[in-house]
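J.: Structure incoming, see below.
The values are calculated or read from the model by the stated rules, or taken from the named source; none is laboratory data. Only a predicted model underlies this, so the values are computations on that prediction, with no experimental measurement involved. Note that each Cβ is placed from the backbone with ideal geometry, even for glycine, and that neighbours are counted across all protein chains shown. The protein model used for the area step is the full one, side chains on, heavy atoms only, and it has no ligands, DNA or RNA in it. Shrake-Rupley method; radii C 1.70, N 1.55, O 1.52, S 1.80 Å.
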Amino acid sequence: MVIQTQLTDAVRQAAHPISGTSSDYEALLDQIGDARFVLIGEASHGTHEFYQQRAQITKRLIQEKGFTAVAVEADWPDAYRINRYVRGVSDDSDSIDALADFQRFPTWMWRNTDVLNFVGWLREYNDALPKDATKAGFYGLDLYSLYTSIEAVLKYLDTVDPEASAHARYRYSCFDHFGEDTQSYGYATSFGMGEPCENEVVEQLVELQRRAADYAQRDGRIPEDEFFYAEQNARLIKNAEQYYRSMFRGRISSWNLRDRHMAETLNQLVTHFEQQGQPTKVVVWEHNSHLGDARATDMGAAGELNVGQLVRQQYEGDAFLIGFSTYTGTVTAASNWGASAERKGVRRALPESYEALFHQTGQPNFWLNLQEQNPAVQGLHQPRLERAIGVIYQPQTERISHYFQARLPEQFDAMIHFDETRAVEPLERTPQWDRGEAPETFPMGV
């Protein structure tokens, strides 16, 4: 108990209070320094403060440190519509139109008021730049959009090379037997009830890349960014095909495939920018579980890797990882996959967790520099529970469903804690969300 009290006092002394002023993150920006990759996590996919503060930090990175890309845990084609809008090259008239392609569960992750506000700000920022300045873009790293990406590749080829489009349609027709049901495709091909489309999707990506120079030399050619968009969709199709087949071989295999794809997409973005002579400084928005270094968690001990680990390994010394945490409040989440969004109460954190330790400091909102050499950081190296709420929140089985062991200073470079948080507001509020859930009736610690 004495040791715990000493650690609580040490954390309180090391904490940088967050009071809502412009100076809250001055020291954090200094700590980030010249890092080219700033990975900003979230402890849930449905907490207003995480979205709000992440956007606030990102705005300063764009304005003050020359960051030119925001890469997020969203599907490539859906996010690219936002990219076109914020860079002023789309037909969308306002921010809410630019979010229209986010139709797949969970829509509230990106169709919410905080994202809407950030997208509006990014468009205004870009519009105010000098004519030849590099505009900041918005990109998706995820791979769930297999069929949407197929449509995007075909649409591009219809414009630049109708004959190649016909060949692509033939290759991608391999998926037609499964009725645009990726789960059915993965199940059937994993258990020998259908032929996989692996060869077809690889051939199509290689064919598209082989014709890149030809497309670039044609009169009235589609801009280079549009070829990159199509190429990345073809790469996504290849990786998604492999991902859906891996789902029935176990969680670790599919998790690692997905995070490798997101890291690969980030690398492709950087390569694309460098070929255009643009600066390559990228902010990444994903869940803590993707951006905190997996090697510092029991997930890593089980064989999982993640984006944070891969970026640290590839860009050693050039990546800065930020996590978020909360003790209690509300969150937007579903009870089951594909179910409606609900405004759920977040239970008070388990006593043996980092979140409970931060609550005991009595500081409502603060951030910690986990790179410092001080008694707080030294004490935080001791493994503790850390909470992770995704798009599904099941408080009845919270210990099993939402906690894992971590060593925080090895997982992140900085941690931001908001003791009581509230649910992110979906653009489509339903009576169920407005009503919220019934008062907590389950015993604590289940």
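J.: Can you name the residue in the range 109-120 that is outside any helix (DSSP H, G or I) and either in contact with a His (Cβ under 7 Å, 6 or more places away or on another chain) or of a type outside the set (D, E, K, R) (or both) and, of all such residues, is farthest from Val284 (Cα to Cα)?
T.: Asn112
J.: Being of a type in the set (D, E, K, R), modelled with pLDDT of 85 or more and surrounded by 11 or more Cβ atoms within 10 Å (Cβ to Cβ) is the filter here, so list the residues in the range 429-446 that pass it.
T.: Arg429
A quick yes/no check of all residues on (1) outside any helix (DSSP H, G or I); (2) under 26 Å from Glu264 (Cβ atoms):
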site	(1), (2)
Pro130	yes, no
Tyr147	no, yes
Leu157	no, yes
Tyr170	no, no
His177	no, no
Met193	yes, no
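J.: Still on this structure: May I ask you to verify whether Gln204 is open to solvent by 60 Å² or more (accessible area, probe 1.4 Å) and closer than 23 Å to Leu143 by Cα?
T.: Criteria not met by Gln204.
J.: Moving on. Tell me, yes or no, whether the range 114-135 has at least one residue that is of a type in the set (A, V, I, L, M), open to solvent by 50 Å² or more (accessible area, probe 1.4 Å), modelled with pLDDT of 95 or more and closer than 28 Å to Gln56 by Cβ.
T.: Looking for residues that are of a type in the set (A, V, I, L, M), open to solvent by 50 Å² or more (accessible area, probe 1.4 Å), modelled with pLDDT of 95 or more and closer than 28 Å to Gln56 by Cβ, one finds at least one in the range 114-135, hence yes.
J.: What are the residues in the range 366-394 that are within 23 Å of the chain's Cα centre (by Cα) and not hydrophobic (A, V, I, L, M, F, W, C), if any?
T.: Asn369, Glu386, Arg387, Gly390, Tyr393, Gln394
J.: Which ranges mark the helices (runs of 4 or more DSSP H) fully within the range 228-315 that have 3 or more residues being open to solvent by 10 Å² or more (accessible area, probe 1.4 Å) and not acidic (Asp, Glu)?
T.: In the range 228-315, the matching helices (runs of 4 or more DSSP H) lie at 251-275, 298-301, 307-314.
J.: What single numbered condition from (1) exposed (fewer than 14 other Cβ atoms within 10 Å of the Cβ); (2) touching a Leu at 6+ places or on another chain (Cβ under 9 Å) fails to hold for Ala168?
T.: (1)
J.: Could you tell me whether any residue of the range 207-218 is in contact with a His (Cβ under 9 Å, 6 or more places away or on another chain), in a loop (DSSP other than H, G, I, E, B) and modelled with pLDDT under 90?
T.: no
J.: Can you confirm whether Tyr139 is in a loop (DSSP other than H, G, I, E, B), in contact (Cβ under 8 Å) with a residue 24 or more places away in the chain and in contact with a strand residue (DSSP E or B) (Cβ under 6 Å, 6 or more places away or on another chain)?
T.: Considered against the rule, which asks whether it is in a loop (DSSP other than H, G, I, E, B), in contact (Cβ under 8 Å) with a residue 24 or more places away in the chain and in contact with a strand residue (DSSP E or B) (Cβ under 6 Å, 6 or more places away or on another chain), Tyr139 comes out as no.
J.: Go through the range 171-198 and report how many residues are over 18 Å from Glu151 (Cα atoms), crowded, with 16+ Cβ neighbours inside 10 Å and free of Cβ contacts under 8 Å to residues at least 24 places away in the same chain.
T.: The number of residues fulfilling the criteria is 2.
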